[in-house]
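Only one structure is covered here, and it is reproduced in the block below.
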Amino acid sequence: MKQVGSTVVHILSVALVAAVLGVPAFAQDAAKKDGPPKPPPSPSQALLDSWNDVGRKLIAMAEDFPEDKYDFKPTPAQRSFAEQLLHAAGANYYFTNPVMGQKPPAGEDPKRSDYKTKAAVVAFVKKSFEEGAAAIKAKGDKGMSDLIVDPFANQQQRVSDTGWSLLEHSGEHYGQLVTYYRVAGLVPPESRPKK
């Protein structure tokens, strides 16, 4: 009985120490919520943050998916995993090129035969998001309202509107690639427990 009592005292002591050590962290979180809210990011920073976030997710998938499954298609009519990545990354240039004063792509997706290895696909995806981020930074807040021409609608659009449109497009393909993971019996990087 004496040993049980000392074990209970030990457990209670550990719990008390954990509770006391947790109070400063709780107090800091409460102070953040009780203080004035942080101002929103600037328009170009909000676009850049979202651009980099979806880029990070697609790059993580490109690096993670097994190379021997890069040509996997859930059904024969769909693009392969690699073709989905190439399509999403290639579409970024409908934003980046006009923003940087260049012609948009000719309209075709990058060909899988031009990006034969996983490393080549990963490099292309990274490059497309890096160049898009550089274009956003170059424009800054003042340039978000600059006008460029949407080549599909032959209509002027603001830089910011085109950027958000391409982000939505990338997000759609991210969602499709999550399905590719699941159908292939794999777990996407964002769905795995955090370390």
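A Cβ distance below 9 Å, combined with a sequence gap of six or more or placement on separate chains, defines the contacts here; from the range 35-62, residues that are surrounded by fewer than 17 Cβ atoms within 10 Å (Cβ to Cβ) reach residues that are part of a helix (DSSP H, G or I) and aromatic (F, W, Y) in the pairs N52/F129; R56/F129.
Restricting E63, E67 to residues that are in the same structural domain as D141 (by TED's automatic domain parsing), charged (D, E, K, R), at pLDDT 55 or above and farther than 18 Å from K127 by Cα narrows the list to E67. The single condition from (1) over 30 Å from D146 (Cβ atoms); (2) not in a loop (DSSP other than H, G, I, E, B) that P74 fails is (2). Looking at this structure, is A77 of a type in the set (A, V, I, L, M) and exposed (fewer than 14 other Cβ atoms within 10 Å of the Cβ)? Against the criterion (of a type in the set (A, V, I, L, M) and exposed (fewer than 14 other Cβ atoms within 10 Å of the Cβ)), A77 qualifies. None of V121, V149 is buried (at least 18 other Cβ atoms within 10 Å of the Cβ) and either outside any helix (DSSP H, G or I) or aliphatic (A, V, I, L, M) (or both) except V121.
I'd like the full set of residues that are assigned to a loop (DSSP other than H, G, I, E, B) and farther than 14 Å from V149 by Cα, limited to the range 102-117. Break it down into steps so the answer makes sense when it comes.
Applying the first criterion (assigned to a loop (DSSP other than H, G, I, E, B)) to the range 102-117 yields 102-111, 115-117.
Across the range 102-117, the qualifying residues are A106, G107, E108, D109, P110, K111, Y115, K116, T117.
For every residue, the table says whether it meets (1) among the β-branched types (V, I, T); (2) modelled with pLDDT under 95; (3) within 21 Å of the chain's Cα centre (by Cα).
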{"position": "A106", "(1), (2), (3)": "no, yes, no"}
{"position": "S113", "(1), (2), (3)": "no, no, no"}
{"position": "K116", "(1), (2), (3)": "no, no, no"}
{"position": "I136", "(1), (2), (3)": "yes, no, yes"}
{"position": "N154", "(1), (2), (3)": "no, yes, no"}
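Against the conditions (1) among the β-branched types (V, I, T); (2) modelled with pLDDT under 95; (3) under 36 Å from the mean Cα position of the chain (by Cα), V54 satisfies every one except (2). Pairing residues of the range 101-125 that are in contact (Cβ under 8 Å) with a residue 60 or more places away in the chain with residues that are surrounded by fewer than 17 Cβ atoms within 10 Å (Cβ to Cβ), at Cβ distances under 8 Å and at least 6 apart in sequence or on separate chains, gives V122/E63. Residue pairs whose Cβ atoms lie under 7 Å apart, separated by 6 or more positions or on different chains, with the first residue in the range 151-180 and within 14 Å of G55 (Cα to Cα) and in contact (Cβ under 8 Å) with a residue 24 or more places away in the chain and the second basic (K, R) and assigned to a helix (DSSP H, G or I), are Y174/K57.
The values are calculated or read from the model by the stated rules, or taken from the named source; none is laboratory data. A quick note: this is a predicted structure, and the numbers were derived from the prediction, not measured. Backbone-built Cβ (ideal geometry, glycine too); neighbour counts: all protein chains shown.
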